[in-house]
Amino acid sequence: MSLDHEVVQLFKEQVFPLSEKLTEMLNEHYSHQTERRGCGFTQATRVLAEYINFPRDQIEGTDLKIFQDYDFKKLKKIIDQKSLYDLEIEDWHNLDQNVSIQNFIRQAKEDDFKTLVEQEVRFQENLRKVSQSAQLEESKIICAMLEDVILPKSARETGYIEIQTLSEKPKVGSCPMAEAFFLKIAHRSMLRQGSINIFVDDQNQPLLIEKMNMGDNHSCINLQPLIMNGIRIPVGSLFSVEYDIEQITDKSPNKEFKGFIIPYQAIQKFWFLRLTTLAISPENRKRAFSTHFEQQVHNGLFSPDTTLLKQLDDVAKSQLSALSLG
């Protein structure tokens, strides 16, 4: 029986081995199960942040660093020789869906170059299917995010809202206890000085919920899946934002709690930090987040074992009823 995490095993068998760092994290090496890091699974989502917060590079092979020793030279050879074979390649990502590549494979004579192209296409095709092979809830999420690093998606094809990235990381923490106040908010237990802002989409539906004057300011959790730099972000992810509330004119007060309803376009810039424990359903949370989850329980956080993301969404929606009446 394999001791590897399901994601590590799937990539090894079906795609290409993940980097040593990601493998170590997903396999829950003790060095990642610290008070500051939480657990390896949490750390792996912080590593993904290094890709999510930056645009895909169409030329360089930076994104391939999620794999162990992936040979970019082979892919670069295809790019360098594209004009010799009348291939239209602006970006090596999503090469398996490139029409000129598909036509080339159908029509070209068998030679080393064609074999090279077929290998890269097969690699991307396998990557596109890997999340379907995952059985565990947390594995499906990580597989999809890893897939999108190499095979970026668009708002049009997913129907998700695309959000823009801040130019640099704000000073907002992502420690294992960052869920603390969000758990309280989910149970409508607010600090007296605390407030929440609800960022809404074009249909006035909650997109993210932000907390203020409760721990780090300007940290928020998304209540709908999002796209950032081509990568699908699951609900229950932790973000930070930067803006000046005084400069936002198109806002209205919450119905119940202190804070405002704000169109997400007024915010524009976000920074992905990591997945929160709320991203995984309660029955699988302990398995997915291991020592991170245990730390939340030991520190007496507000029902980390049963709280649903839906409760946070319900709180957000209950602030909007004033808008829907307007």
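Taking the helices alone, the chain has a mean residue ellipticity at 222 nm of -11500 deg cm²/dmol, built from -39,500 (n - 2.57) per DSSP H run of at least 4 residues and averaged over all its residues.
Going from most exposed to least, what order do Val99, Val235 have by accessible area with a 1.4 Å probe?
Details: Val99 95, Val235 45 Å².
If we order Val99, Val235 from most to least accessible, we get Val99, Val235.
Karplus-based coupling profile of the stretch 37-47, in residue order and whole Hz: 8, x, 6, x, 4, 4, 4, 4, 6, 5, 5, with θ = phi - 60° in 6.51 cos²θ - 1.76 cosθ + 1.60 and x standing for Gly or Pro. When the chain is described by a simple charge dipole with +1 on each Lys and Arg Cβ and -1 on each Asp and Glu Cβ, the residue from Phe16, Ile245, Leu301 located farthest towards its positive end is Leu301.
Give the carbon-plus-sulfur fraction of the accessible surface of the stretch 78-137 in %, rounded to a whole number; probe 1.4 Å, heavy atoms of protein chains only. Can you show the working numbers first?
Working: 1480 of 3470 Å².
In the stretch 78-137, the share of accessible area belonging to carbon and sulfur is 43 percent.
Residue-wise HN-Hα couplings along the stretch 160-177, as the Karplus relation 6.51 cos²θ - 1.76 cosθ + 1.60 with θ = phi - 60° gives them from phi, are 7, 7, 9, 10, 8, 9, 5, 6, 8, 5, x, 8, 10, x, 9, 5, x, 9 Hz; Gly and Pro carry x.
Placing +1 on the Cβ of each Lys and Arg and -1 on the Cβ of each Asp and Glu in the chain, which of Ser189, Ser154, Asn103 has its Cα farthest towards the positive end of the resulting dipole? Of the candidates, Ser189 comes out farthest on the positive side. Pairs of Cα atoms nearer than 8 Å and 6+ residues apart set the relative contact order; for the chain it is 19 percent. Taking Cα atoms only, the orientation of helix 137-150 departs from the longest principal axis of the chain by about 60 degrees. Principal-axis analysis of the Cα atoms of the chain puts helix 282-298 at an angle of about 60° to the longest axis.
Accessible surface calculations at 1.4 Å, restricted to protein heavy atoms, place the chain at 48 Å² per residue.
Take every DSSP beta bridge whose two residues both sit in the chain, then give the antiparallel share in percent to the nearest 5. Spell out each step's value before the answer.
On the way: 24 of 31 bridges.
Rounded to the nearest five, the antiparallel share is 75 percent.
Across the stretch 24-31, coupling constants 3J(HN,Hα) worked out from phi with the 6.51/-1.76/1.60 Karplus curve, θ = phi - 60°, read 4, 5, 5, 7, 6, 4, 4, 5 Hz, and Gly and Pro carry x. Which of the pairs Lys65/Lys140; Lys129/Lys310; Lys140/Lys310 have their Cα atoms more than 23 Å apart in this structure? Too far apart for the 23 Å limit: Lys129/Lys310. The charge dipole of the chain, taken about its Cα centre with unit charges on the Cβ atoms of Lys, Arg (+1), Asp and Glu (-1) only, comes to about 840 debye.
Under the convention that each Lys and Arg Cβ holds +1 and each Asp and Glu Cβ holds -1, the size of the dipole of the stretch 71-211 around its Cα centre is about 580 debye. Dimensions of the stretch 90-141 along the principal axes, based on C-alpha atoms and rounded to the nearest Å, stand at 43, 21, 14, largest first.
Dipole size in debye (nearest 20) for the stretch 155-319 around its Cα centre, Lys and Arg Cβ +1, Asp and Glu Cβ -1? Walk me through the intermediate numbers first.
Values: 18 positive and 18 negative charges, 76 e Å.
In debye, rounded to 20, the stretch 155-319 gives about 360.
Tell me which of Phe289, Ile261, Pro170 sits at the most positive position along the dipole axis of the chain, charges placed on C-beta atoms (Lys, Arg +1; Asp, Glu -1). Value: Ile261. Scaled against 2.2 N^0.38 Å for its residue count N, the alpha carbon radius of gyration of the chain is 1.09.
Between the stretch 104-119 and the stretch 203-230, what's the alpha-carbon centroid distance in Å? That distance is 46 Å. For the stretch 49-74 versus the stretch 1-40, the inter-centroid distance based on Cα atoms is 19 Å.
The values are calculated or read from the model by the stated rules, or taken from the named source; none is laboratory data. Note that the structure is a prediction, hence the values are computed from the model and not measured. Backbone-built Cβ (ideal geometry, glycine too); neighbour counts: all protein chains shown. Surface areas here come from the heavy atoms of the whole protein model, side chains and all, with no ligands, DNA or RNA. Shrake-Rupley method; radii C 1.70, N 1.55, O 1.52, S 1.80 Å.
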